[in-house]
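K.L.:
Quick one: this structure, given as structure tokens, is what I'll be asking you about.
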Amino acid sequence: MGVTGLRALLERVRYEVLPAKATEDKVLAHVPRDVVVTVTASPVKGLEPTLDLAGRLAGHGYRVVPHVPARLLRDDAHLKEVVDRLREMGVDDVFVPAGDADPPAGVYDGALPVLRRLSELGGPFRHVGITGYPESHPLIHDDITVQAMWDKREHATYLVSNLCFDPRVLGEWIARIRGREVTLPVYMGVAGPVQRAKLMAMATKIGVGESTRFLTRHPSWFLRFATPGGYSPERLLTRVEQTLTAPSAGVAGLHLFTFNQIAETEEWRRALLDRLDG
């Protein structure tokens, strides 16, 4: 693998974390301040834990990206309240997915109306991320997800791809969105070095309803993590390096799904950087 290509990707990482009780301490203990931390939101627990953790991490000097799922917002007043609160924290980057809350908490059933409303509010955030789906979404047809990216692109500044383990699929997806003139930079979603036992424990803690949904929608993920030698982030990056580092791909960096295995993820990244330097 080319040192320059992989090194650049590993230095431009975002760590996705879940707002659990120990998350703040784990981030403080293991994540350098130059690594962006994104904080997920749970349809079970709502937005409050996300906003609370985002505020605390911002106070520690991290660049924080809270997830603000459309389906967790009750109404326009709630959206404005969230915007004001995040701006007071100094947050200038938000990630706006549709979210999995079913039924929605309020009037928004998808990301596009929220993105439009943010634009109408004068664009309160310098950076706004939206979701991309290299592999099929469990509930949405591929053509619709690509069309949705097209519709949302004028209100966003970057894309975050959902997890994908297939280098061929990743390459085809990037070519397809670029062919549709979706020019937003992409942060490629990659699972960190996940241990299955810890992943299962984390899923249980999220909440029975949500973890059941998670397991049902992504059974192949757990098979990959469970199989000896079944998943290695380094092996995936090796196979997909040419795709991700081609100038036409427009990949800005990696979005690492830590599943709250934060120490292990940073240890893996540091070790790989050291090997590249060696």
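The values are calculated or read from the model by the stated rules, or taken from the named source; none is laboratory data. Please read all numbers here as calculations on a predicted model, not as lab measurements. Here the Cβ positions follow ideal geometry from the backbone for every residue, glycine too, while neighbour counts run over all protein chains shown. Accessible surface areas use protein heavy atoms only, side chains included; no ligands, DNA or RNA. Shrake-Rupley method; radii C 1.70, N 1.55, O 1.52, S 1.80 Å.
K.L.:
Output yes when any residue across segment 41-61 is assigned to a loop (DSSP other than H, G, I, E, B), within 26 Å of Asp100 (Cβ to Cβ) and hydroxyl-bearing (Ser, Thr, Tyr), and no when none is.
P.N.:
No, every residue in segment 41-61 fails to be assigned to a loop (DSSP other than H, G, I, E, B), within 26 Å of Asp100 (Cβ to Cβ) and hydroxyl-bearing (Ser, Thr, Tyr).
K.L.:
Only one of (1) modelled with pLDDT of 90 or more; (2) open to solvent by 60 Å² or more (accessible area, probe 1.4 Å); (3) farther than 25 Å from Arg168 by Cα; (4) not charged (D, E, K, R) is not met by Gln261, so which one is it?
P.N.:
Result: Gln261 passes all but (2).
K.L.:
Still on this structure, please answer the following. Just the residues that are buried (at least 16 other Cβ atoms within 10 Å of the Cβ) and at pLDDT 95 or above, please, taken from segment 20-39.
P.N.:
The answer is Thr23, Glu24, Lys26, Val27, His30, Val31, Val35, Val36, Val37, Thr38, Val39.
K.L.:
With the structure loaded, tell me whether Glu81 is closer than 15 Å to Gly46 by Cα, modelled with pLDDT of 95 or more, charged (D, E, K, R) and outside any loop (DSSP other than H, G, I, E, B) or whether it fails that test.
P.N.:
Numbers: closer than 15 Å to Gly46 by Cα: yes; modelled with pLDDT of 95 or more: yes; charged (D, E, K, R): yes; outside any loop (DSSP other than H, G, I, E, B): yes.
Here the answer is yes, as Glu81 does meet what is asked.
K.L.:
Scan segment 90-112 for residues that are open to solvent by 20 Å² or more (accessible area, probe 1.4 Å) and in contact (Cβ under 8 Å) with a residue 60 or more places away in the chain and jot them down.
P.N.:
Asp100
K.L.:
Let me ask something else. With respect to Arg12, is the statement that it is open to solvent by 30 Å² or more (accessible area, probe 1.4 Å) and more than 24 Å from Ala263 (Cα to Cα) true? Let's see the steps before the verdict.
P.N.:
On the way: open to solvent by 30 Å² or more (accessible area, probe 1.4 Å): yes; more than 24 Å from Ala263 (Cα to Cα): no.
So Arg12 fails the test.
K.L.:
Considering (1) open to solvent by less than 40 Å² (accessible area, probe 1.4 Å); (2) at pLDDT 90 or above; (3) more than 25 Å from Pro43 (Cα to Cα), say which one Phe125 fails and leave the rest.
P.N.:
Unmet for Phe125, out of (1) open to solvent by less than 40 Å² (accessible area, probe 1.4 Å); (2) at pLDDT 90 or above; (3) more than 25 Å from Pro43 (Cα to Cα): (3).
This table checks each residue for (1) open to solvent by less than 50 Å² (accessible area, probe 1.4 Å); (2) β-branched (Val, Ile, Thr); (3) modelled with pLDDT under 90; (4) in contact with a helix residue (DSSP H, G or I) (Cβ under 8 Å, 6 or more places away or on another chain).
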position	(1), (2), (3), (4)
Phe165	yes, no, yes, yes
Val169	yes, yes, yes, no
Ala175	no, no, no, no
Pro185	no, no, no, no
Ala191	yes, no, yes, yes
Val194	yes, yes, yes, yes
Leu199	yes, no, yes, yes
Met202	yes, no, yes, no
Gly209	yes, no, yes, no
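K.L.:
Further question on the same structure: If Leu170 meets every condition in (1) outside any helix (DSSP H, G or I); (2) closer than 26 Å to Glu266 by Cβ apart from one, which number is that one?
P.N.:
(1)
K.L.:
Let me ask you something else. Regarding Arg63, is this residue under 23 Å from Gly122 (Cβ atoms), surrounded by 16 or more Cβ atoms within 10 Å (Cβ to Cβ), modelled with pLDDT of 95 or more and of a type in the set (Lys, Arg)?
P.N.:
yes
K.L.:
What's the number of the condition Leu53 fails, among (1) buried (at least 21 other Cβ atoms within 10 Å of the Cβ); (2) more than 19 Å from Glu16 (Cα to Cα)?
P.N.:
Answer for Leu53: the failing condition is (2).
K.L.:
For segment 26-49, does any single residue satisfy the condition of being touching a strand residue (DSSP E or B) at 6+ places or on another chain (Cβ under 7 Å) and over 22 Å from Leu256 (Cβ atoms)?
P.N.:
The answer is no, given that none of the residues of segment 26-49 is touching a strand residue (DSSP E or B) at 6+ places or on another chain (Cβ under 7 Å) and over 22 Å from Leu256 (Cβ atoms).
K.L.:
Going by the conditions given, is Leu73 modelled with pLDDT under 95 and among the aliphatic types (A, V, I, L, M)?
P.N.:
Answer is no for this residue.
K.L.:
Go through (1) without any contact (Cβ under 8 Å) to a residue 24 or more places away in the chain; (2) over 24 Å from Pro233 (Cβ atoms) for Leu115 and report which single condition fails.
P.N.:
Status for Leu115: all satisfied but (1).
K.L.:
If you don't mind, there's one more thing I want to ask. As an exercise: evaluate Tyr158 against (1) among the hydroxyl-bearing types (Ser, Thr, Tyr); (2) open to solvent by 60 Å² or more (accessible area, probe 1.4 Å); (3) modelled with pLDDT of 90 or more and give the number of the one condition it does not meet.
P.N.:
All conditions are met except number (2).
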